[in-house]
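I have a structure I would like to understand better, so I am pasting it below and will then ask my questions one at a time.
The values are calculated or read from the model by the stated rules, or taken from the named source; none is laboratory data. Note that the structure is a prediction, hence the values are computed from the model and not measured. Heads up, the Cβs are rebuilt from the backbone with ideal geometry, glycines too, and the neighbour counts pull from every protein chain shown. Note: areas computed on protein heavy atoms with side chains; ligands, DNA, RNA excluded. Shrake-Rupley method; radii C 1.70, N 1.55, O 1.52, S 1.80 Å.
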Amino acid sequence: MTSYGKVEVPLDRREWRPTPLIEQVVLVTTINRDQEPHVATKSRVSIVTYGPPAVVFFACRAEFVTAKNILKTEQFIINVPSDDLVATSWVLGSDPSGFGADRFEDNGLTPIPAVKLDAPRIAECQAHLECELVETRPFEEDFAVFGRVVSVTMNERVLAGSATPRYRTLAPFFFLEAGWTASMGSARLVEKPIPGPRHDRTVLPVSEMARSVEFYRQVFGWPVSVEDPNYVEFELPKNRRLALCRRETIAKTTGVPLKADSADALSGLELHFYGEDAPHIVARLVGAQAQQLTHPSKFGRFDDASYFVDPDGHLLVISLRPTGTPDQKTDI
């Protein structure tokens, strides 16, 4: 049988390295019949239905305190920690036992009242899903807990700004395998496919390769994927590429001489970049002593755009966002 380059791996989830299915880490809070609170780390959690109201589930060992509390009180709260609580979550996940406020305090967590349930929320977490038990289903030594969401609260700063900073503040993280977690990274808007040929790369003619390479490295910090004396290629976000090629090489390849290079004139080629990193890029351009033609202003297609000239007379336009699309993602 043809393998097509595929390799079979064990069926045991713990042997998947790397795992193709990541698990978001949450802190589940519960209470027992004596109103003693408990918190434990869980990662096998997901949405069952969007609702409203939404229904969520997570998997838990039947002998753990969390499972016993839920069966007795029929409620639980899913608290979403940001990635600054990785170490705390790992400690809690390694010790599923214990009761009371000491378990919170010993791990630097603060229990606060919930909106509708008796179990507490965790002040240090970014979001909270209060759930009433719908049902449980056993699976060998584990069982799945299904809960109907009756209240959702989030920190105010998570709800501020556009989508990119909101997810950056929420900062969820994920369990990969024993000893390994990962943060979500940058949130980005899905682009609609556009018919026709794909843009492969943009090539800029340059007079002095070393000078131009150093300029773009210093300003943008893009990694270099191809580098030789006549041609250097940078990797940009979203699988785009920007290349620098010596003017003599382009002339030799095409058999057509390029127009004379003039230090006092623009090349006529413009590159527009936008994103939340714009102020930092502008600062680096100033630090690289790039000629600045205009300061941020309402001008042309871009809001608050700054116009610079690179060492070969190519125009670089840097702005926070294109006009009329305030929620676009960072493209720099």
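Which entry in (i) 67, 54, 38; (ii) 84, 59, 39; (iii) 55, 54, 41 matches Cα extents along the principal axes in Å derived from the coordinates of this structure?
(ii)
Here's something else I'd like to know. Of all chymotrypsin sites (Phe, Trp or Tyr not before Pro) in the stretch 1-103, which ones are in loop regions per DSSP and have a Cβ with at most 15 other Cβ atoms within 10 Å?
For chymotrypsin sites (Phe, Trp or Tyr not before Pro) across the stretch 1-103 that sit outside H, G, I, E and B with at most 15 neighbouring Cβ atoms in 10 Å, the list reads 4, 16, 50, 99.
Next question, about the same structure. With the full set of protein chains in place, find how many percent of the accessible area of the chain is carbon and sulfur; take the probe as 1.4 Å.
The value for the chain is 54 percent carbon and sulfur by accessible area.
Let me ask something else about it. Hey, got a sec? Which trypsin sites (Lys or Arg not before Pro) in the stretch 6-90 land in a DSSP loop and have at most 10 other Cβ atoms within 10 Å?
Here the trypsin sites (Lys or Arg not before Pro) that fit, given the DSSP loop and packing criteria, are 6, 33.
Write down Rg/Rh for the stretch 15-113, rounded to two decimals, with Rg from the C-alpha atoms and Rh from the Kirkwood relation over Cα pairs.
The Rg/Rh ratio comes out at 0.97.
Let me ask something else. Sorting 177, 74 by accessible area (1.4 Å probe), largest first, what list results?
Final ranking, largest accessible area leading: 74, 177.
Keeping every protein chain present and rolling a 1.4 Å probe, give me the accessible area per residue for the chain in Å².
Value for the chain: 59 Å² per residue.
Taking the Cβ of residue 14 as the center, what net charge do the other residues with Cβ under 15 Å away carry, scoring Lys and Arg +1 and Asp and Glu -1?
Neighbourhood net charge equals -3.
Ordered by residue, what ³J(HN,Hα) values in Hz, to whole numbers, does the stretch 137-143 give under the Karplus form 6.51 cos²θ - 1.76 cosθ + 1.60, where θ = phi - 60° and Gly and Pro are x?
Those phi angles translate into 9, x, 9, 6, 7, 9, 8 Hz.
Which loop-located GluC sites (Glu not before Pro) does the stretch 1-52 contain, where loop means any DSSP state but H, G, I, E or B and the Cβ has at most 13 other Cβ atoms within 10 Å?
In loop regions of the stretch 1-52 (DSSP not H, G, I, E or B), the sparsely surrounded GluC sites (Glu not before Pro) are 8.
How big is the gap, in Å, between the Cα center of the stretch 35-56 and the Cα center of the stretch 84-133?
Centre-to-centre (Cα) distance: 13 Å.
Lys and Arg at +1, Asp and Glu at -1: add these up for the other residues within a Cβ distance under 15 Å of residue 203 and post the number.
-3
A further question follows. Once you list every other residue whose beta carbon is under 14 Å from the beta carbon of residue 104, what net charge do they have if Lys and Arg are +1 and Asp and Glu are -1?
Computed value for this residue: -4.
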